[in-house]
Amino acid sequence: QVQLVESGGGLVQPGESLRLSCAASIGGFGLYFMAWYRQAPGKQRELVARIRPSGSTDYVDSVKGRFTISRDNSKNTLYLQMSSLEPEDTAVYYCNANNFINNYWGQGTQVTVSS
C-alpha cells in the first residue's frame, strides 16, 4: 500500500528554521515528480516547491531563497528545508507524488510560525 508520511512540522518563531521530511513507500520513487504543497486556513492549497526526477526544482515566488526542496532516492524520502520562516508560512504542508499515472498525497504536517 502506497503511503506518504510527513514529519518535522511544529511551532517556531519568525526567522527560525524547520526541515520537513516525507517518507514514501512507493515503487519507483526516483521516477516520480515530488512536491510540497501547503494550505493555510481559509485558503486554497498551493504548490510550494517541486523536484523532478532529474533533480531540477521549482519554487513559488514567496519562498524563493528561503526554502530548499531535495530528495534522497536511496531512502525514498523528500525534504523541505525552510529558513527565515514568516508568519505567512503558517499552513498544513502536504507531500505529493505524481508520475502522471498515479497521484498520491500525505496526511499533512502543521507548521506554525508565531511569536
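Restricting things to alpha carbons, find the Rg to Rh ratio for the chain using the Kirkwood radius for Rh.
Checking Rg against Rh, the ratio lands at 0.95.
Work through the residues other than Cys22 whose Cβ is under 14 Å from its Cβ and net out their charges, Lys, Arg +1 and Asp, Glu -1.
+3
Of all beta bridges DSSP finds with both residues in the chain, what is the antiparallel percent, to the nearest 5?
95
Debye calculation, C-alpha points only, no solvent: report log10 I(q)/I(0) for region 57-115 at q = 0.22, 0.23, 0.29 Å⁻¹, in the same order as the q values.
-1.08, -1.15, -1.36
Just so you know, all these numbers are worked out from the coordinates, no wet-lab data involved. Bear in mind the structure is a predicted one, so any value in this text is a computation, not a measurement. Note that we place each Cβ from the backbone using ideal geometry, even for glycine, and neighbour counts take in every protein chain shown.
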